[in-house]
Every structure is written in C-alpha cells, then in structure tokens.
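Scroll down for the structure; my scribbles are underneath it.
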Amino acid sequence: GAVVSQHPSRVICKSGTSVKIECRSLDFQATTMFWYRQFPKQSLMLMATSNEGSKATYEQGVEKDKFLINHASLTLSTLTVTSAHPEDSSFYICSAQGQGVNEKLFFGSGTQLSVL
Amino acid sequence: AQSVSQHNHHVILSEAASLELGCNYSYGGTVNLFWYVQYPGQHLQLLLKYFSGDPLVKGIKGFEAEFIKSKFSFNLRKPSVQWSDTAEYFCAAIEAAGNKLTFGGGTRVLVKP
C-alpha cells in the first residue's frame, strides 16, 4: 500500500530556532496534504490543508507566519515551525491524499517536537 | 513497535444494517483511543474518544465504541447505518504518558441506499 514518510520522527531544538518537518508520499502523487497537531489528552487538531502548487489554507487560530507550509511538488510538503517556543512542543502529524475526493488518506508516522 | 490494526479495509452494507469495525492496538500500558471519520471531500472529524472510565463510549451520529482491555480492542459500532455514513474510518491510539499518535490503515465503508 501507499506510504507516507515523515521526517524527522523526533527533534529537540532551542527556543528561537526554526524546525522543518518533511512529509513525503513515496509511491503516489499527493495533491492534498494535511498537517495536524496532537495535544496531550485531546484529539487531533487540523492546522492547515495544502494543495500542490498553491498556498496552504490555515485553520482559524493557526498562525501562518509561524507555521510555514510549502507543498512545492506532488510528493513533498514541509512544515516549518519558525522561532519555536516551548509552547510549540507537540506531536505533529501529516497525512496525504491523491487526486479526487474518494482517494484514500495515508498518515505519516509523526514528529515529536520538543523546544527547550 | 506500537501499532494499530484495522482488519477490514472495505465494508459494503445496505442502509439500516448494523456496522462494526474492528480496531486492535499493541500498546502495553495505559492507552487513549480515538475513532476518526473522513467523509468524501472533507478532512478528519473526531467521532469519539476513550481516555478512562466507562469502556463503552458514545460518540456523535449514533456511533459507539467499546474498549476491551483484555483483547486490546476498541471496536466501533452503529446499530443502523445511513447512506450518509459512507466514509473512511480511522482508529488511532496514543500512550497516555506519551505523545506519539498512531493510526490504523483505515476502513472504507460504503452504504448502499
């Protein structure tokens, strides 16, 4: 089956630095990618939806200047957490979907970000 | 490694039929469990979640799930499905003391009118 690779799986960084997370679809063209954040004791929160070649659509309350999303190709989307702060520490997970509303959704394995 | 398994990849049933989707996890400790649904053209929505307490969890749209610790299972059920329940359903698990969320492979449900 299709695989979505998310890298890195874990990253520790200093406050004020930027961190880039990559999400790759390995054997299909992902026209749409979703970025989620998992808070402790809560359900997933959708951060943004990105379509290849266009600007990401951010959910209400998500700072687009802080969470930069790029979907430059059909197999790669990146999330960059800029000027990270301890409150950005969280589990981030991407998912990818091919063209068409009935295309199956595949999940990455997630990235645990810890900001010191 | 921690994993979540959904054994049914595709389910086809008629309206008013009962639905049960299997979910098994491989975590050893205390676990939090979720069922999400993705309707065609939409993003994920939370159906229900289990953190603690009553192992029979009621969710939205008439769905419920039962946590059976001895079987490492969290099966989703709905007594009578509607055409609008056509969607893909994902089970997910996270260790209560951790942050890594793991999804099952999803089950695509088609309800025939």
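The values are calculated or read from the model by the stated rules, or taken from the named source; none is laboratory data. Values in this document were obtained by computation on a predicted structure and should not be read as measured data. Here Cβ is always computed from backbone atoms with ideal geometry, including for glycine, and neighbour counts include all displayed protein chains. These accessible areas exclude ligands, DNA and RNA; they are computed on the full protein's heavy atoms, side chains included. Shrake-Rupley method; radii C 1.70, N 1.55, O 1.52, S 1.80 Å.
Shape summary: the protein assembly as shown maps onto an equivalent ellipsoid whose semi-axes, from the alpha-carbon gyration tensor, are 30, 21, 14 Å in decreasing order.
Computed with a 1.4 angstrom probe on protein heavy atoms, the B-A interface buries about 1700 square angstrom of accessible area in total. Under a Gaussian network description of chain A, with springs only between Cα atoms under 10 Å, the residue in A:Thr32, A:Thr80, A:Thr17 that fluctuates furthest is A:Thr17. In the assembled protein chains, B:Lys100 presents an accessible area of approximately 80 Å² (probe radius 1.4 Å).
Could you tell me which of the pairs A:Lys55/B:Lys78; A:Lys104/B:Lys71; A:Lys64/B:Lys100; A:Lys64/B:Lys61 are separated by over 31 angstrom between their Cα atoms in the structure shown? Don't jump to the answer; show the numbers that get you there.
On the way: A:Lys55/B:Lys78 38 Å; A:Lys104/B:Lys71 28 Å; A:Lys64/B:Lys100 24 Å; A:Lys64/B:Lys61 33 Å.
Long pairs (Cα-Cα over 31 Å): A:Lys55/B:Lys78; A:Lys64/B:Lys61.
Once label points are set 7 Å from the Cα along Cα→Cβ at both B:Glu66 and B:Thr30, what is their separation, rounded to one decimal in nm? Spacing of the two 7 Å Cα→Cβ label points: 2.4 nm.
Applying 1/(1 + (r/R0)^6) with R0 = 25 Å to the Cβ-Cβ distance of A:Leu68 and A:Gln42 gives a FRET efficiency near 0.60. In this structure chain B gives 47 Å² per residue of accessible area when probed at 1.4 Å with all protein chains present.
If the viscosity is 1.567 mPa s and the temperature 4 °C, what translational diffusion coefficient in µm²/s does Stokes-Einstein give for chain B when Rh comes from Kirkwood over Cα pairs? Intermediate results must be reported in sequence, preceding the final value.
Values: Rh = 14.1 Å.
Estimated via Stokes-Einstein, D reaches 92 µm²/s.
Expressed as cubic angstrom per residue, what is the convex hull volume of the alpha carbon set of chain A? Walk me through the numbers on the way to the answer.
Values: hull volume 11.5 nm³, N = 116.
Spread over its residues, the Cα hull of chain A gives 99 Å³ apiece.
Subtracting the Cα-Cα distance of A:Ser18 and A:Thr57 from 0.36 nm times their residue separation leaves 11.9 nm of extension gain.
So if R0 is 22 Å, what FRET efficiency would A:Leu26 and A:Gln99 give, r being the distance between their Cβ atoms, rounded to the nearest 0.05? The partial results should precede the final answer.
Working: r = 17 Å, r/R0 = 0.75.
Efficiency computed from Cβ-Cβ geometry: 0.85.
Remark on the range B:41-105: hydrodynamic radius 13.2 angstrom, per the Kirkwood mean of 1/r across alpha carbon pairs.
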